[in-house]
Amino acid sequence: MTEAAGTARDHRALDLSDDDVLAMYRSMLTARRLDERAWALNRQGRVPFVASVSGHEAAQVGAAFSLDPERDWSLPYYRDVAFNLGIGISPEQILLGVFAKASDVASGGRQMPNHWSDPDRNVFTQSSPIGTQYPHACGIAYEMRRQGSDGVVYVSGGEGSTSEGDWHEAMNFAAIHRLPVIFFIQNNMYAISVPEAQQVAATVAGKAAGYGMPGVTVDGNDVLAVYGAMREAVERGRRGEGPTLIEARTYRYYAHTSDDDDRLYRSAEEVESWRRRDPIEGLKQYLVEQRLLTAEDEQRFDEEARAVVSSALEAAEAAPDPTDAHSLVYARPIEPEAATGEPEEPPGGEEINLITAVNRALHEVMAAYPETVIFGEDVADPKGGVFKATLGLTDAFGADRSFNTPLAEALVAGLGVGIAGAGGRPIAEIQFADFIHPAFDQIVSEAARIHYRSGGRWTCPLVIRVPYGGGIHGALYHSQSIEAFYAHVPGLKVVAPSTPADLKGLLWEAVEDPDPVMILEPKKLYRLARGPYPDGEHRVPIGKAALRRAGDDLTIVAYGTMAHFALEAADLLSERGIDAGVLDLRSLRPLDWPAIEREVERNGKVLVVHEDTVFGGFGAEVSAQIMEQAFDWLDAPVRRLGSPEVPTFPFARDLEAAVMPSAASIADAAVDLARY
């Protein structure tokens, strides 16, 4: 850890012109006046929420002035008002967000104020969960470098964010790959009310040593010192020397937000002691000493700042309010087409198993799309994945397109979000569905909401491949079914193929889709299921179910491994004189309701099967929709079959067989339904 030098008593030593340092001063002054006006608006009841910047102006403006928004990217956190002004976002644009107006560039009124986003300035969309932005920064930096850019990525947060696992995972990955990321931590000594001593062991900057990168502590109230530290970090990143951690020590003068009362946890004397170190006053004194600022200039600049804020306020408050809360959930909304009621004809092609289909399809899409990259734990050659799904991809396409990540699932998903934002087509592999849970925030709060929360200005074409399900002697932590969690999430598409042809077709569709798509690959079928693998281009529309077999007595609705078992069960039922149809959903979100409705109309009896537990399983959603929309066609209550109330599947083979649905248990349940 190093201490940055104090203010260069001559800004020219930092290659800053007189106009540059005056622009810094004016930007800081505008940020202060904007913050004061926002607080006044909140007290007047004209805006519901304010996140303050006062006290942080030097740290943020010093950082902003070191960047080139045309080639560098930034992921500013919610307090970064002055930073955004420094890179060219106007006070009016900021106030449009405060008032939640339709023309708010960040979200069109969908997000709280200060959740920054502006593709025109390479400001990636931000959210409320603390720390999720750090893996995004790594993904952006990785993709930028892969594209040959010499840009750097600025990502900021408070000292509280350095307690999050996402921060540490990102620091580790950035250091491993020597990415041009600047981790800029604005340490104001309080994470809401939690003081630094209860939040940070040792120092923030000192943690850089553990990751093999420079850690710099700088006076965050000294704009020139911050600029100097940032400039060095930017130059280091451009030279390909890797990331830098900067801890800018500063103080916020007001409460955490307008919903906070800081009098509960800090004294008026403490606040006043920091006000005597006001960063704006400090820079003003420097400018006076340099004979760059007269009393007349000071008054004029202040009047101009107030006038700019007043004009911005008038325009923002008068702007139209948003009226559409329902659109932009997906970049490519899918409405399933009418069902024909005819069984889908299988395509031609060489007969192979499912895992071979995964590997072949990945080779095909990566050959077709140079912007695709695949990554995860054990993905790279020579291992090629624990199931060999990615075998040969590193050798064929290079280590920059097929690579291993550390064992950090939140990083894997967040990295994909960032790569997608920077123009790549990432394919993230989660080794087992059981281990996806640390990535829940990145998938649900980030990837699935990016298009909606940015007002449609960002897309997230991220594919997440997830081997799931039981039947492989995997026990409690290698057998889980997770579809009910993720199919519940608006903005995320979820598919579950059961045949080699569907795997290929859905993978191609997913890679070409602008929305995040989770592909659930049934492990049990990797080597069990065989079928034709079509040559050439073959796509299966997301949101389209496949009728595998028509039946006059009842229909079994299933997906993944259970769709395979359902066909076996239909054969057993035929021997017992029951004509059962099988509808393979293959797409869970969006759900092909027309195909389900057509089967209800055909025979009036439906058995929904999945290997997840029955309670709260995906079958409950299918059943509810049938009851709500097709009740008049039913001749019997919808039946569900799944696992009993145990934590997924036990390890012993006999115990696993007693829990996991099989062709025989599906047939038995269907017989009961047929007799109703």
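Could you tell me which residue of region 148-174 is nearest to residue 72 (Cα to Cα), considering only residues that are among the polar types (S, T, N, Q) and buried (at least 18 other Cβ atoms within 10 Å of the Cβ)?
156
Could you please let me know if residue 548 is open to solvent by 10 Å² or more (accessible area, probe 1.4 Å), outside any strand (DSSP E or B), at pLDDT 95 or above and of a type in the set (D, E, K, R)?
No; evaluated as a whole, the condition is false for this residue.
Residue 630: farther than 27 Å from residue 659 by Cα and of a type in the set (A, V, I, L, M), yes or no?
yes
Determine which single condition residue 378 fails, assuming it passes every other condition in (1) in a strand (DSSP E or B); (2) open to solvent by 20 Å² or more (accessible area, probe 1.4 Å).
The number of the failed condition is (1).
For region 615-655, enumerate the residues that are under 17 Å from residue 569 (Cβ atoms) and open to solvent by 40 Å² or more (accessible area, probe 1.4 Å).
Residues satisfying the conditions are 639, 640.
Mind checking which pairs have a first residue in region 155-177 that is free of Cβ contacts under 8 Å to residues at least 60 places away in the same chain and a second that is in a helix (DSSP H, G or I) and of a type outside the set (D, E, K, R), Cβ under 6 Å, 6 or more apart or different chains?
These pairs meet every condition: 167/134; 167/161.
Within region 350-358, does at least one residue satisfy the condition of being modelled with pLDDT under 95, touching a strand residue (DSSP E or B) at 6+ places or on another chain (Cβ under 8 Å) and of a type in the set (Gly, Ala, Ser)?
No, that holds for no residue.
Could you list, in sequence order, all residues of region 569-597 that are buried (at least 22 other Cβ atoms within 10 Å of the Cβ) and of a type outside the set (A, V, I, L, M)?
Scanning region 569-597 gives 581, 584, 586, 587, 589, 592.
When you go through (1) open to solvent by less than 10 Å² (accessible area, probe 1.4 Å); (2) part of a helix (DSSP H, G or I); (3) under 21 Å from residue 530 (Cα atoms); (4) not hydrophobic (A, V, I, L, M, F, W, C) one by one for residue 385, which number turns out not to apply?
(2)
Would you be able to tell me the number of residues in region 157-197 that are under 21 Å from residue 413 (Cβ atoms) and in a strand (DSSP E or B)?
Going through region 157-197 one residue at a time, the tally reaches 3.
Could you check, for region 176-192, whether at least one of its residues is under 25 Å from residue 439 (Cα atoms), open to solvent by 20 Å² or more (accessible area, probe 1.4 Å), touching a strand residue (DSSP E or B) at 6+ places or on another chain (Cβ under 7 Å) and at pLDDT 95 or above?
yes
Can you tell which of 536, 469, 491 is touching a Cys at 6+ places or on another chain (Cβ under 9 Å) and on the phi > 0 side of the Ramachandran plot?
491
Would you check which residues across region 627-651 are part of a loop (DSSP other than H, G, I, E, B), aromatic (Phe, Trp, Tyr) and more than 33 Å from the chain's Cα centre (by Cα) and list them?
651
Is it the case that some residue within region 496-505 is of a type in the set (A, V, I, L, M), over 14 Å from residue 359 (Cα atoms) and in a strand (DSSP E or B)?
Looking for residues that are of a type in the set (A, V, I, L, M), over 14 Å from residue 359 (Cα atoms) and in a strand (DSSP E or B), one finds none in region 496-505, hence no.
For the condition touching a Pro at 6+ places or on another chain (Cβ under 8 Å) and outside any strand (DSSP E or B), what is the one hit in 620, 624, 566, 595?
Testing whether each residue is touching a Pro at 6+ places or on another chain (Cβ under 8 Å) and outside any strand (DSSP E or B) leaves just 595.
Return yes or no: is residue 588 of a type in the set (A, V, I, L, M, F, W, C), within 39 Å of the chain's Cα centre (by Cα) and in a strand (DSSP E or B)?
yes
If you take the residues of region 360-375 that are open to solvent by 30 Å² or more (accessible area, probe 1.4 Å) and not aliphatic (A, V, I, L, M), which of them is farthest from the chain's Cα centre (by Cα)?
Filtering region 360-375 for residues that are open to solvent by 30 Å² or more (accessible area, probe 1.4 Å) and not aliphatic (A, V, I, L, M), the one farthest from the chain's Cα centre (by Cα) comes out as 360.
For region 377-391, name all the residues that are in contact (Cβ under 8 Å) with a residue 40 or more places away in the chain, of a type in the set (D, E, K, R) and out of contact with any Gly (no Cβ under 7 Å at 6 or more places or on another chain).
377
Tell me, yes or no, whether region 652-669 has at least one residue that is closer than 23 Å to residue 335 by Cβ, of a type in the set (Val, Ile, Thr), assigned to a helix (DSSP H, G or I) and in contact with a helix residue (DSSP H, G or I) (Cβ under 8 Å, 6 or more places away or on another chain).
Taking every residue of region 652-669 in turn, none turns out to be closer than 23 Å to residue 335 by Cβ, of a type in the set (Val, Ile, Thr), assigned to a helix (DSSP H, G or I) and in contact with a helix residue (DSSP H, G or I) (Cβ under 8 Å, 6 or more places away or on another chain).
To keep it simple, each residue is scored yes or no on (1) of a type in the set (Phe, Trp, Tyr); (2) crowded, with 17+ Cβ neighbours inside 10 Å; (3) under 30 Å from residue 181 (Cβ atoms).
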{"position": "270", "(1), (2), (3)": "no, no, no"}
{"position": "284", "(1), (2), (3)": "no, yes, no"}
{"position": "287", "(1), (2), (3)": "no, yes, no"}
{"position": "298", "(1), (2), (3)": "no, no, no"}
{"position": "307", "(1), (2), (3)": "no, no, no"}
{"position": "313", "(1), (2), (3)": "no, yes, no"}
{"position": "328", "(1), (2), (3)": "no, yes, yes"}
{"position": "343", "(1), (2), (3)": "no, no, no"}
{"position": "349", "(1), (2), (3)": "no, yes, no"}
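Scan region 392-409 for residues that are in contact (Cβ under 8 Å) with a residue 24 or more places away in the chain, over 16 Å from residue 431 (Cα atoms) and in a loop (DSSP other than H, G, I, E, B) and jot them down.
392, 400, 401 - these are the residues of region 392-409 that are in contact (Cβ under 8 Å) with a residue 24 or more places away in the chain, over 16 Å from residue 431 (Cα atoms) and in a loop (DSSP other than H, G, I, E, B).
With the structure loaded, tell me whether residue 302 is among the acidic types (Asp, Glu) and surrounded by fewer than 18 Cβ atoms within 10 Å (Cβ to Cβ) or whether it fails that test.
Yes.
Residues are listed down the side, and each one gets a yes or a no for (1) farther than 20 Å from residue 35 by Cα; (2) open to solvent by 10 Å² or more (accessible area, probe 1.4 Å):
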| residue | (1), (2) |
| --- | --- |
| 92 | no, yes |
| 103 | yes, yes |
| 115 | no, yes |
| 121 | yes, yes |
| 125 | yes, no |
| 137 | yes, no |
| 140 | yes, no |
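Just checking, how many residues over region 433-468 are in a helix (DSSP H, G or I), within 11 Å of the chain's Cα centre (by Cα) and of a type outside the set (D, E, K, R)?
Of the residues in that region, 10 qualify.
Which one of these is touching a Ser or Thr at 6+ places or on another chain (Cβ under 7 Å), of a type outside the set (S, T, N, Q) and open to solvent by 40 Å² or more (accessible area, probe 1.4 Å): 236, 252?
The conditions single out 236.
Inspect region 478-494 for any residue being crowded, with 23+ Cβ neighbours inside 10 Å, in contact (Cβ under 8 Å) with a residue 40 or more places away in the chain and within 23 Å of residue 351 (Cα to Cα) and give the result as yes or no.
So far as region 478-494 goes, no, none of its residues is crowded, with 23+ Cβ neighbours inside 10 Å, in contact (Cβ under 8 Å) with a residue 40 or more places away in the chain and within 23 Å of residue 351 (Cα to Cα).
Open to solvent by less than 10 Å² (accessible area, probe 1.4 Å), out of contact with any His (no Cβ under 7 Å at 6 or more places or on another chain), touching a residue at least 12 places away in the same chain (Cβ under 8 Å) and under 18 Å from residue 390 (Cβ atoms): is that true of residue 454 in this structure?
Taking the combined requirement at face value, the residue does not satisfy it.
The values are calculated or read from the model by the stated rules, or taken from the named source; none is laboratory data. Here the structure is a predicted model, which is why all the values come from computation and not from measurement. Cβ atoms come from the backbone with ideal geometry, glycine included; neighbour counts cover every protein chain shown. Each accessible area value is taken on the protein alone, full model and side chains, heavy atoms only, with ligands, DNA and RNA left out. Shrake-Rupley method; radii C 1.70, N 1.55, O 1.52, S 1.80 Å.
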